[in-house]
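Chemist: My structure is below; once you've seen it, I'll send some questions.
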Amino acid sequence: MTKISKTPDIEAFIGKIANLKSGDDARLNKIVAKIIGDLFDTIHEFEVTEDEFWQALNYMAASAPEFGLWAAGVGLEHFLDVEMDSRDRAAGIPEGTPRTIEGPLYVAGAPLLEGGGRLDDGTDKGEVLIMRGQVRDTDGKPVAGAVVDVWHANTLGNYSYFDKTQSDYNMRRRIRTDADGRYWFQSIMPSGYGCPEGSGIDRFLAALGRHGKRPAHIHFFVTAHGHRQLTTQINIEGDPLVHDDFAFATRDGLIPPVTRHSDPETIHKAGLNEPFA
Ligand code: MBD
Ligand code: FE
């Protein structure tokens, strides 16, 4: 393969496009020059035709609203996690719960619950899900007053706001941890998300011989004063796609055990009235 961006006249052309200056203030220009230069190289190496060029451009123009799904599907978001992990290791920052991608379906401003509560509006008759946890710092010390911002899909794999049939903030809440750093919630077991059939991202992945599905999962932002934000998810154990996620978000340590109960008495005991029994 020949790299054309290394030839002096192409280098000069890229310099013009990005108005390259020296020094830190030119960071944006340098990043743009790098990306455009790599695109030039790709067009050159594969002898991309005008037809292919316009097909790609029209595809991108039409699929712009799906860019978040695209970033997840090509593994860009996961790559950022791997990058940040290695920066943290290099900086000697201690490990905690692994980070994993945010995805494009977060909505800010969910109602704030103290200690715990219910996430769903009760209209989706899914399997009842109860989760409890404790926010700890990297020394293992509980963090009181941390905020766990949690969001997940319904039994059809759809998220409120993106699915207009759901009530506002359905399956989205912020939960402030109690004095022991604990939180809990009741909701329903989510199903995995699938990229809308026939959407731009769906057709793109199909062309690559891939699917656009995720295993069932629950998203979290964890924030606390004096701490960095943790962005993470858990996957639901036993989902057949748990290690076949189109967004590459499954990580060791993020598949907690799920205990299923059929005895109503046990379920009642695990429920809303006795969150830490
Ligand atoms: C999702 O629910 C999601 O979490 C990601 C990363 C991409 C698409 C849908
Ligand atoms: Fe999601």
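Chemist: Is at least one residue of the range 173-180 touching a residue at least 12 places away in the same chain (Cβ under 8 Å), closer than 26 Å to V242 by Cα and charged (D, E, K, R)?
Modeler: Yes, the range 173-180 contains at least one residue that is touching a residue at least 12 places away in the same chain (Cβ under 8 Å), closer than 26 Å to V242 by Cα and charged (D, E, K, R).
Chemist: Sort out which residues of the range 163-178 are assigned to a loop (DSSP other than H, G, I, E, B) and touching a Leu at 6+ places or on another chain (Cβ under 6 Å), and write them in order of number.
Modeler: Narrowing the range 163-178 to residues assigned to a loop (DSSP other than H, G, I, E, B): 164-171, 177-178.
Hit for the range 163-178 is M171, nothing else.
Chemist: Still on this structure, please answer the following. State all residues of the range 184-222 that are within 20 Å of G253 (Cβ to Cβ) and either among the polar types (S, T, N, Q) or in a loop (DSSP other than H, G, I, E, B) (or both); if no residue qualifies, say none. Break it down into steps so the answer makes sense when it comes.
Modeler: The first filter runs over the range 184-222 and keeps only residues within 20 Å of G253 (Cβ to Cβ), leaving 190, 192, 214-222.
Once the filter is applied, which keeps residues that are within 20 Å of G253 (Cβ to Cβ) and either among the polar types (S, T, N, Q) or in a loop (DSSP other than H, G, I, E, B) (or both), the range 184-222 yields P190, G192, R214, P215, A216.
Chemist: In the list P98, P104, which residue meets the criterion of being surrounded by 12 or more Cβ atoms within 10 Å (Cβ to Cβ), under 15 Å from T231 (Cβ atoms) and touching a residue at least 60 places away in the same chain (Cβ under 8 Å)? Working first, answer last.
Modeler: Values: P104 fails: touching a residue at least 60 places away in the same chain (Cβ under 8 Å).
Answer to the selection: P98.
Chemist: Go through the range 8-32 residue by residue and tally those that are surrounded by 12 or more Cβ atoms within 10 Å (Cβ to Cβ) and under 28 Å from L205 (Cα atoms).
Modeler: 1
Chemist: OK, next. Is there a residue being farther than 12 Å from H152 by Cα, in contact with a Pro (Cβ under 6 Å, 6 or more places away or on another chain) and not small (G, A, S) anywhere in the range 243-253? First the steps, then the outcome.
Modeler: Filtering the range 243-253 for residues farther than 12 Å from H152 by Cα gives 243-253.
Now restrict to residues that are in contact with a Pro (Cβ under 6 Å, 6 or more places away or on another chain): 245, 251, 253.
In the following step, the residues that additionally are not small (G, A, S) were identified as 245, 251.
Scanning the range 243-253, I find at least one residue that is farther than 12 Å from H152 by Cα, in contact with a Pro (Cβ under 6 Å, 6 or more places away or on another chain) and not small (G, A, S), so the answer is yes.
Chemist: Among the residues of the range 120-168, write down those that are within 21 Å of Q229 (Cβ to Cβ), of a type outside the set (A, V, I, L, M) and more than 16 Å from ligand 1 (Cβ to nearest atom).
Modeler: Those that are within 21 Å of Q229 (Cβ to Cβ), of a type outside the set (A, V, I, L, M) and more than 16 Å from ligand 1 (Cβ to nearest atom): G133, Q134, R136, D137, T138, D139, G140, K141, P142, G145.
Chemist: Being within 22 Å of the chain's Cα centre (by Cα) and more than 24 Å from P196 (Cα to Cα) narrows it down to one of V48, V82, V32, so name that one. Give the derivation first.
Modeler: Details: V48 fails: within 22 Å of the chain's Cα centre (by Cα); V32 fails: within 22 Å of the chain's Cα centre (by Cα).
Just one listed residue meets the conditions, V82.
Chemist: Taking the range 119-143, which residues are away from ligand 2 (no atom under 16 Å from the Cβ), hydrophobic (A, V, I, L, M, F, W, C) and in contact with a Lys or Arg (Cβ under 9 Å, 6 or more places away or on another chain)?
Modeler: V135, V143
Chemist: Quick one: L156 ticks every box in (1) over 21 Å from E102 (Cβ atoms); (2) more than 14 Å from ligand 2 (Cβ to nearest atom); (3) not β-branched (V, I, T) except a single one, so which number is it?
Modeler: (2)
Chemist: Would a scan of the range 227-247 turn up a residue that is away from ligand 1 (no atom under 11 Å from the Cβ), surrounded by fewer than 16 Cβ atoms within 10 Å (Cβ to Cβ), under 15 Å from A72 (Cα atoms) and among the acidic types (D, E)?
Modeler: yes
Chemist: Looking at the range 197-233, which of the residues that are among the basic types (K, R) and within 16 Å of ligand 2 (Cβ to nearest atom) is nearest to M60 (Cα to Cα)?
Modeler: Kept after step one, since they are among the basic types (K, R), are these residues of the range 197-233: 203, 210, 213-214, 228.
In the following step, the residues that additionally are within 16 Å of ligand 2 (Cβ to nearest atom) were identified as 213-214.
On the way: K213: 21, R214: 23 Å.
Filtering the range 197-233 for residues that are among the basic types (K, R) and within 16 Å of ligand 2 (Cβ to nearest atom), the one nearest to M60 (Cα to Cα) comes out as K213.
Bear in mind that the values in this text are calculations on the coordinates, not laboratory data. Note that the coordinates shown come from a computational prediction; the quantities given were computed from them, not determined experimentally. Cβ sites come from the backbone with ideal geometry, for glycine too, and all protein chains shown count toward neighbours.
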